[in-house]
Amino acid sequence: MKTARWRNAVSASCAAALLLLPGQAHAMHISEGILPAGWAAFWFLVAAPFLFLGMRKLRVRSEREPRFKALAGLFGSAVFVLSCMPIPVPIAGTCSHPCGTGIAAILIGPGVTVVVASTALLLQALFLAHGGLTTLGANIVSMGVVGAYLGAGAFLLARKVQVPWFIAAFLAGLVSDWGTYATTSFELSAALARDGSMGSLFLPILAAFAPTQVPLGIFEGFLAVGAYRLIRTRKPGLMDLSTEEGTA
Amino acid sequence: MRAAIVMAVSALALFFVSGNCHARWEGVDEAVVKKFAVAAGRPPRVPYINTDQGDILLFVFLIAGVAGGFVGGYCFRDLFPRNERKEKARKGRTRP
């Protein structure tokens, strides 16, 4: 009885929230045509070795455990959904999205997370007019590479110094989100700066992201704790599989 | 009690979201990325494959949902294997 009431309350709240959400919203991905050709090519070159390494890791782990490919696909769909889910931030009056790469990195490993994030970004660029094909390399570096490796690094470091799992998972989500947006700021300032004014452009872009991204990063931290706890308590089998070479 | 807290927090969040009349709720790609790109003389161009026309986006979502649903269903037992302990308990109960 109590569970049913609880479920009804949550369903009603979610339905009301969905109805009142604004219809159109986009997010951090750098759109088509913003980066000059040289910078676009440079970020593709930076992303390529990480992508190659991740694909190799995915192949090796799938050969050892066939279920791993399905698990990676599951996390890929989670990253896809989270990274195009607009969340209104009342303080800033704007919308943005979490990235999901932090939690994916601690469960399937940062290398494979780069692959799933790249797939999500490619599908968004091809079919959702979200991001761009020429800016795909830059978006892979910010969300896939930096988000995944920073998230996994924060989790590992926190666990190494005996921090409880929920704080470690929170830090993974938070650091991966803020790291992603800091990298986007760097990419934009590097490409758009004229006559060596990159430093002076980086801070204003970062400051413009901050009102939306500071609360959203904290939200992503809690999201990571929730997802990690759910898998830890409800589906420990998934965690056993993911911990083989993952970081958890 | 927990349900009341959820309802109160949701109501508060919705109050802030819907009450912020001046906000346009645009994404940060508009509010930040586009703003700086336009100022630097590199505005975003129309995507090479623009699905944001009429019902095309709806069609794309439909195809993606169908494909994702079939693949997810096909791999369901790989992702969520049966709980062996529960299965044994269930078999034990049904055994004559």
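The values are calculated or read from the model by the stated rules, or taken from the named source; none is laboratory data. Since we're looking at a predicted model, the values are computed, not measured. Don't worry about glycine lacking a Cβ; one is built from the backbone with ideal geometry, like all the others, and counts go over all protein chains shown.
Points worth noting:
- Taking the listed residues B:Arg82, B:Arg90, the one that is more than 9 Å from every other protein chain (Cβ to nearest Cβ), modelled with pLDDT under 85, closer than 30 Å to A:Leu71 by Cβ and outside any helix (DSSP H, G or I) is B:Arg82, with no other qualifying.
- One residue alone among A:Leu53, A:Leu126 is farther than 26 Å from A:Gly226 by Cα and without any contact (Cβ under 8 Å) to a residue 12 or more places away in the chain, and that residue is A:Leu126.
- First in segment B:5-32 and at pLDDT 80 or above, second anywhere and in a helix (DSSP H, G or I), Cβ under 6 Å, 6 or more apart: B:Val28/A:Thr212; B:Val32/A:Ala208; B:Val32/A:Phe209
- Residue satisfying condition, being more than 14 Å from chain B (Cβ to nearest Cβ) and within 22 Å of A:Val46 (Cβ to Cβ), within set A:Val141, A:Val163: A:Val141
- Within the set A:Leu133, A:Leu107, the sole residue that is modelled with pLDDT under 95, within 14 Å of chain B (Cβ to nearest Cβ) and surrounded by fewer than 20 Cβ atoms within 10 Å (Cβ to Cβ) turns out to be A:Leu133.
- Close pairs from segment A:67-95: first free of Cβ contacts under 8 Å to residues at least 24 places away in the same chain, partner of a type in the set (Phe, Trp, Tyr), Cβ under 8 Å, at least 6 apart: A:Pro90/B:Phe16; A:Gly93/B:Trp25
- Test: residue in segment B:55-70 that is part of a loop (DSSP other than H, G, I, E, B), more than 18 Å from the chain's Cα centre (by Cα) and acidic (Asp, Glu): yes
- 2 or more residues more than 19 Å from A:Ser176 (Cα to Cα): qualifying helices (runs of 4 or more DSSP H) within segment A:48-132: A:67-82, A:110-127
- Among the residues of segment A:9-47, those identified as at pLDDT below 90, part of a loop (DSSP other than H, G, I, E, B) and not hydrophobic (A, V, I, L, M, F, W, C) are A:Pro22, A:Gly23, A:Gln24, A:His26, A:His29, A:Ser31, A:Glu32, A:Gly33.
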